[in-house]
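Asker: Please see the structure below; I have some questions.
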Amino acid sequence: MIYVGGVPVRDENSSSSLSSSSQFVGTDEATTCVGLVIRNRKSGMTSVAHMDSPEIVDLGISQMLSLVLEDDVDAELDVHMVGGYEDVDIKNADGSGGDYAKPEGYSFPLCCKLVETLQKRRENFHIQTLFILGHNTKLDAQANTCPIFNGCLVNTSTGAIFPASFDRTSRCPDEIVRRIRVSSSFLDSSWKGKLLDTYDTKTDRFIIAPCRWTMRLVEYVWELNQLTDEEILINCSTSPSAEGPDFVDNSRRIWEYLLKHPDWSKTFPKRQPRVFERTVDGHWKRC
């Protein structure tokens, strides 16, 4: 069941189930991807996901709900979707200029799958923000379509949501390894169809579960690292004209790590997770 609302709800009486140190949570760098937020109005428990493919939606939403529902199957759940844009001009997708061209691109199928999956489920969803596709599209100086907002930030205490992007100092621990998991998890059957969990709410720890990568990936990465910046955008992005200024630099940082650490078992010895605890001064240290 889906209820469509207006502005994000501010429930000042809710107590967040997240650690008091985690007042804000969010995601960014979404072009053809979508940031999905599900928040339990009563408990304040908030789950944020970065969805990049229709194939991840069904199991991904089930993962999110297992965290925010707990034992309250009748909970009222606020939903926010930010990201995805008209990466293909739908009216001209078939080259004819007709009004009934077949939608293509990456954003449209993903957004459709998200809305359809929420509609089919039995939980009580209240869609508060639906800033996707045409609502999230603008033209750049070269008349290319690009997203207005690439990310969002949620206040876990109030449920308020804001447009956001994050610099390198605010991405929490093990950024490069977490980025590598995103790109290499499709090679690891243990992660097939799943979202990559990172933060453990109950213990206020980052737990980076292990992921394997192959020498074939490392060899491919070596070839990619020989490309020019422009070639990297064309070959490695679903939206070359819409990527942020850090896209190429982040890609090269990932590749440099893989070339330096080709054996995944050295990053995850005995296939154990990498665990980080918060220090008294608010920083993170590896356990």
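The values are calculated or read from the model by the stated rules, or taken from the named source; none is laboratory data. The shown structure was predicted, so the numbers you read here are calculated from the model rather than taken from an experiment. Note that we place each Cβ from the backbone using ideal geometry, even for glycine, and neighbour counts take in every protein chain shown.
Asker: Do you know which of the residues in segment 107-166 that are touching a residue at least 60 places away in the same chain (Cβ under 8 Å) and acidic (Asp, Glu) is nearest to Ala75 (Cα to Cα)?
Answerer: Among them, the one singled out is Glu123.
Asker: Any idea which of (1) modelled with pLDDT under 95; (2) in contact with a Gly (Cβ under 6 Å, 6 or more places away or on another chain); (3) outside any loop (DSSP other than H, G, I, E, B) is the one Glu55 doesn't satisfy?
Answerer: Result: Glu55 fails condition (2) only.
Asker: Could you please find all residues in segment 25-44 being buried (at least 20 other Cβ atoms within 10 Å of the Cβ), assigned to a loop (DSSP other than H, G, I, E, B), in contact with a strand residue (DSSP E or B) (Cβ under 7 Å, 6 or more places away or on another chain) and not polar (S, T, N, Q)?
Answerer: Ala30, Cys33
Asker: Restricting attention to strands (runs of 3 or more DSSP E) lying wholly within segment 136-208, give those where 3 or more residues are among the hydrophobic types (A, V, I, L, M, F, W, C) and in the same structural domain as Pro273 (by TED's automatic domain parsing).
Answerer: Hits in segment 136-208: 205-208.
Asker: Further question: Condition first: modelled with pLDDT of 95 or more and in contact with a His (Cβ under 9 Å, 6 or more places away or on another chain). Can you find one or more residues in segment 242-263 that meet it?
Answerer: no
Asker: So, in segment 179-197, exactly how many residues are under 14 Å from Arg274 (Cα atoms) and either surrounded by fewer than 17 Cβ atoms within 10 Å (Cβ to Cβ) or modelled with pLDDT under 90 (or both)?
Answerer: 2
Asker: For segment 131-173, which residues satisfy the criterion of being hydroxyl-bearing (Ser, Thr, Tyr) and touching a strand residue (DSSP E or B) at 6+ places or on another chain (Cβ under 8 Å)?
Answerer: Matches in segment 131-173: Thr137, Thr145, Thr156.
Asker: Still on this structure, I have one more. Which of the residues that make up segment 248-287 are over 30 Å from Glu231 (Cα atoms), part of a helix (DSSP H, G or I) and small (Gly, Ala, Ser)?
Answerer: Ser265
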